[in-house]
Amino acid sequence: MEIQPDQIIASARKFALGADLRKGQQARAKMNRAELEAMFRKGAVLPTARTIWCGGQEFLARYMFINHVYPPSIMPTEQLEPMHIPDLRLETRHEGRVLLLRTIGHPLSGPVIQNAVEDDRANVDVLALCNIHKSIPPNSLLPKGAVVAIKEPLYEAISDGKYQIRVDHPSDLVFLSGVEDYIPLPFRSTTTERSAADLNADGNAASAKKDLHAAVKLYSEAMQVCPDQDRSLRAKLRCNRAEINLLLGRFEPALSDAEAAISDCRLLVSDPMATPSTTSTIDSTSYFRGACTAYGLRDFAYARSLLQEAQRCRPGNKTVKRELERTEQRIQEEQTGGYDFDAMSNATSLECSRLDFADFIRLCEVRDAGGHGKGLFATTKLGVGSLVHCEKAFAAAFASEEGNETTVVYDLSTERGNGVATGPNVSIVNVLMEKLSHNPRQAARFQALHDADYEPKLPPSSIDGKTVIDSFRTTTIATTNRFGLPSVRSSEKHEYPSEHEAGHQHNEDSTLASSAVWIVASHINHACDGNVVRAFMGDMIIFRATREIQAGEEILTQYCGHQVDSVATQAHTKKGWGFECDCAICQADAGTSQAMRTKREALVAECKALLEEFSALDAALQYIPDSLFVAKAEKLREQLQTTYPAEAFTNRPRPTLNILGMWLCQAYVRRREWKKAIISGKLLLRDLGYVVRVLTTGVDMDYANCSLETAAVDAAVGASKGFFALGNAKHGQWFEDFARRMWMIEYGELRGYAERYGRWASVLILG
């Protein structure tokens with residue numbers, strides 16, 4: 001990772017070390033009202049972001065530091081004791097207290113949303129909201145003149161000599177209407193109550209301007225003053241609010257509104273004041289809104305039933321018919337796994353990463369995996385190449401959507417260490433906080449995932465009309481369960497690392513990777529020789545079997561590649577995910593002596609140096625490796641093989657041989673040494689755990705201990721070209737078919753296969 005802002009981080013760490021000394025002190029030399037009003041004037045912008053380099057790309061970075069980890073407030077506002085800004089003490093969370101404030105400036109947006117605030121005694125300070133999704137306009141959160149309650153506020157000094165009231169959990173900030181009994185007199189609302197019809201009209205106007213947050217607020221205010229007996233208007237308001245919440249991804253409240261509107265319409269049938277045409281229109285709209293929100297919640301069977309009701313109300317409606325057809329397609333996908341993968345691939349692009357497909361999760365179930373916690377297990381026998389699991393992301397943040405600005409979050413709290421997150425790994429938390437805060441049933445599914453024993457565990461609950469979600473626990477769950485994924489598809493030539501990421505970045509370019517969480521797939525445990533491999537198309541994750549899987553067998557995948565030896569691998573998985581890998585490869589390597597490990601490590605370093613030397617010569621992709629290079633590579637491969645005890649590694653993968661084996665396969669093809677290409681391909685397959693028997697009658701392949709990687713495809717392509725060149729079309733075709741099949745398993749489609757291997761005779765791809 002090339003993030004080196006040096007002085008900023010060093011200064012922040014030094015400043016964080018002084019938090020204990022500042023704790024309990026009163027802030028000094030604070031900004032006055034005039035300074036704050038100037039800072040938060042209309043049209044003001046935050047200071048210019050700093051330039052950083054990451055993965056060879058230039059970004060504008062804004063920094064956020066975490067010095068305190070604390071749970072959200074679970075107390076209603078009216079039960080907390082009011083306090084004032086001068087009562088605040090540094091580096092302290094004021095439990096049992098509440099600040100009642102009014103904004104006096106215009107909000108500024110960056111890693112956090114900030115505004116100047118005052119209490120009812122004209123004391124001023126800065127309020128900072130964290131973990132806010134970038135789609136939410138700052139003016140909808142902290143507009144000038146807004147009255148808010150900050151529950152159990154945290155007050156902190158920040159390293160530029162300023163101070164702020166910090167809110168990490170969105171539910172700790174409560175917007176007040178100005179009529180609550182506990183509001184100070186200066187903050188009381190003086191506006192005249194408006195009619196529901198007028199508020200509905202304003203909501204419609206805001207909706208037309210695409211000001212969704214303003215629209216939902218206006219419809220909610222209209223609902224509060226709408227007479228119970230005016231069922232027609234209530235139904236309209238609910239339909240309108242359902243539509244806006246649907247657009248905002250707040251599916252659960254949208255569905256609740258749609259179902260309530262349906263109930264209102266049933267009562268309207270007997271209302272003599274309601275006209276049949278009006279009732280029918282509202283009824284149809286209610287069913288349609290409900291269907292769309294059920295679809296968004298991925299309850300396709302319920303969506304179908306609601307669409308059928310909408311069709312009954314308005315026969316022949318083309319929109320309803322189209323949505324019903326789309327829903328039927330989703331139901332077929334989730335029942336049979338019958339995806340059109342070409343259509344899925346063609347639908348995926350940098351501009352379209354969130355796809356419209358169902359989950360196929362019927363062949364597996366989550367069960368106890370003993371010492372590995374929960375795991376995913378096959379419920380039926382699955383053959384090589386079978387589609388095991390296909391799932392749409394619960395939440396995703398794509399690198400392609402980040403632009404040239406990124407947020408860098410440094411966690412300096414003593415409880416969580418000096419963690420760092422960048423770009424999509426920051427954005428995914430904001431995406432989750434927005435989703436969980438408005439969809440409590442979905443939040444419960446997410447919070448059931450492994451949380452690295454985080455405490456306290458607070459279930460989603462509604463307090464002050466807001467769903468309480470712990471942002472720090474959300475971050476921990478996301479960090480533990482997220483996958484890194486390419487912004488488009490796994491088969492792209494220039495893909496980002498597709499690594500199941502955890503508490504540490506395992507690739508120097510992983511800051512560029514997109515990030516997503518899949519609820520069911522997150523239960524798949526790790527093994528260096530896993531029995532499935534994953535591929536990505538947009539926000540769909542696809543698992544296919546690399547070998548035969550028996551009913552009741554656990555589904556396992558690689559979180560990361562095997563390191564130079566089992567000791568390094570287990571240290572890697574321990575640091576990243578909190579466990580030591582005990583797969584068959586690691587067990588086989590456990591008996592390897594320290595002397596042999598040291599020898600292997602040195603040989604691996606020699607291999608890398610040799611291939612880097614060749615790569616420099618091959619810059620024009622036309623250099624044919626000479627016999628000296630090949631001889632060095634052959635010797636190194638033989639020496640590396642001796643570091644794997646023959647008895648322990650019989651038919652087991654020998655991971656460090658792969659990259660050299662790939663190079664040799666490709667080198668022999670380029671040199672037109674066809675017999676060696678065949679031998680090298682078979683050796684590489686053996687080093688990947690495949691048992692290959694080339695017989696006169698055909699080829700026999702044992703997949704029982706294999707580890708599928710692109711190297712397997714390279715090996716098969718090399719052998720195939722060798723057999724074809726020597727006139728053995730039968731065996732050549734078998735290896736060609738095997739190569740295509742393995743590529744399909746690894747990447748979910750054949751896209752990219754021809755591009756990689758079509759030029760092999762003249763171009764060496766190091767892989």
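No lab work stands behind these numbers, since they all come straight from the coordinates. Source: prediction; values computed, not measured. All Cβ positions, glycine included, derive from the backbone under ideal geometry; neighbour counts span all protein chains shown.
What FRET efficiency do you get for residue 346 and residue 733 if R0 is 25 Å and r is their Cβ-Cβ distance, rounded to the nearest 0.05? Computed FRET efficiency for residue 346 and residue 733: 0.30.
With a ≥ b ≥ c taken as the square roots of the eigenvalues of the C-alpha gyration tensor of the stretch 196-336, please select rounded if a/c is under 1.5 and otherwise prolate if a/b is larger than b/c or oblate if it is not? Before the final figure, lay out each step's value.
Details: a/c = 2.19, a/b = 1.37, b/c = 1.59.
It comes out oblate by the Cα gyration axes.
Calculated from the structure at hand, volume of the Cα convex hull per residue in Å³ is found among (1) 184; (2) 153; (3) 343 as (1).
Step through the table entries 30/144; 209/236; 151/457; 599/635, compare each Cα-Cα distance with 25 Å, and write down the pairs that go over it. Violating the 25 Å Cα-Cα cut-off are zero pairs. The alpha-carbon of residue 381 sits under 16 angstrom from the alpha-carbons of these aspartates and glutamates, leaving out residues fewer than 8 places away in its chain: 365, 548, 553, 554.
Note: relative contact order over the chain, using C-alpha pairs below 8 Å and six or more positions apart, is 10 percent.
Tell me the net charge near residue 225. Cut-off is 13 Å between Cβ atoms, residue 225 excluded, with +1 for each Lys or Arg and -1 for each Asp or Glu.
Numbers: positive: 194, 234; negative: 193, 198, 202, 221, 228, 230.
So the surrounding residues net to -4.
What angle do you read, to the nearest 10 degrees and between 0 and 90, between the alpha-carbon axis of helix 276-296 and the longest principal axis of the chain? So the helix axis and the longest Cα principal axis differ by about 40 degrees. By its C-alpha gyration tensor, with a ≥ b ≥ c as the square roots of the eigenvalues, how is the stretch 591-757 shaped: rounded for a/c under 1.5, else prolate for a/b larger than b/c, else oblate? The shape class here is oblate.
Take the alpha carbon gyration tensor of the stretch 656-695, find the square roots of its eigenvalues, order them as a ≥ b ≥ c, and report rounded if a/c is under 1.5; if not, report prolate when a/b exceeds b/c, else oblate. Write out the running numbers ahead of the final one.
Details: a/c = 4.05, a/b = 1.22, b/c = 3.33.
Verdict is oblate for the stretch 656-695.
Computed from backbone phi, the HN-Hα couplings of the stretch 324-333 come to 5, 5, 5, 5, 4, 5, 5, 4, 5, 5 Hz, rounded to whole numbers (Karplus: 6.51 cos²θ - 1.76 cosθ + 1.60, θ = phi - 60°; Gly and Pro given as x). For the stretch 602-758, the Cβ-based charge dipole about the Cα centre amounts to some 380 debye (Lys, Arg positive; Asp, Glu negative; other atoms uncharged).
Annotation: the residues 133, 84, 562, 169, sorted from fewest to most other C-beta atoms within 10 Å of their own C-beta, follow the order 84, 133, 562, 169.
This ranking places 207, 615, 353, 140 by how few other beta-carbon atoms lie within 10 Å of each, fewest first, which gives 615, 140, 207, 353.
Under the criterion of Cα pairs below 8 Å and six or more residues apart, the relative contact order for the stretch 196-336 equals 17 percent.
Go ahead and estimate [θ] at 222 nm for the chain from helices alone: -39,500 (n - 2.57) per DSSP H run with n ≥ 4, summed, over the residue count, rounded to 500. All intermediate terms of the calculation are to be shown ahead of the outcome.
Details: 24 runs with 309 residues, N = 767.
The per-residue figure over the chain is -12500 deg cm²/dmol.
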